[in-house]
Amino acid sequence: MHGVNKVILVGNATRDAELHQTKTGKPVANLRLATNRAFKTGDGSVREETQYHTIICFECDPFGFEPAVTAGRNRQERGSFLTT
C-alpha cells in the first residue's frame, strides 16, 4: 500500500513572501503562515490557538506568487511535508 503525503494549510501570511533562486536558477519562495483552531476545554469554554508555519515553495511561479503573498492576506497552500 502506498502512503499519501499531502497538506493543505489555510491561514494568513505573517509577512511578505521572500523570493530568490537556487544556484541552478530555479525559483524558491519563503513565507510564514498563521493558522487558527478553536476548541473546547475541559470546562466547556472555547479557546483559540494560533500556530505559525514556515513554508518553502520550490519551483513556484515567481510572477504569480509574489504579489499574492503579502502580510495579512489570506492564503491557501497545498503541498507535501518534508522533514529535516
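Which shape class applies to the chain: rounded if a/c is under 1.5, otherwise prolate when a/b exceeds b/c and oblate if not, where a ≥ b ≥ c are the square roots of the Cα gyration tensor eigenvalues?
Note, shape of the chain comes out oblate.
Assuming 0.36 nm per residue, please report the length gained on full extension of the stretch Thr14 to Thr70 beyond their Cα-Cα distance.
So the extension gain works out to 19.4 nm.
Given H placed on each backbone N at 1.01 Å, which residues far from Gly79 in sequence or on other chains put an amide H within less than 5 Å of it?
Residues meeting the criterion, in which the H sits 1.01 Å from N, are Val7.
Name the residue, out of Gly11, Gly44, Gly72, whose mean-square fluctuation peaks in a Gaussian network model built on the chain with Cα pairs under 10 Å.
Gly44
Over the range 7-75, calculate the relative contact order: mean separation of alpha carbon pairs under 8 Å at least 6 apart, over the residue count, as a percent.
Averaging sequence separation for qualifying contacts and normalising by length gives 42 percent for the range 7-75.
Work out from phi, with θ = phi - 60° and the Karplus expression 6.51 cos²θ - 1.76 cosθ + 1.60, the ³J(HN,Hα) of each residue of the range 3-17, listed in order in whole Hz, and give x for Gly and Pro.
x, 10, 10, 9, 9, 10, 10, 10, x, 10, 5, 8, 7, 5, 5
Using +1 on the beta carbon of Lys and Arg, -1 on that of Asp and Glu, and nothing else charged, what's the dipole of the chain about the Cα centre, debye to 20?
120
Order these by the 10 Å Cβ neighbour count, fewest first: Ile55, Ile8.
Ordered by Cβ neighbours within 10 Å, fewest first: Ile8, Ile55.
For a quick check, take a GNM of the chain with Cα springs below 10 Å and name the residue from Asn36, Asn74, Asn12 with the largest mean-square fluctuation.
Fluctuation is largest for Asn36.
Given only helices, namely DSSP H runs of n ≥ 4 each adding -39500 (n - 2.57), what is the per-residue ellipticity at 222 nm of the chain, to the nearest 500 deg cm²/dmol?
-500 deg cm²/dmol
Read the figures in this text as sums done on the coordinates, not as results from a lab. None of these values were measured; they are calculated from a predicted model. Counting neighbours? That spans all protein chains shown, and the Cβs are built from the backbone with ideal geometry, glycine included.
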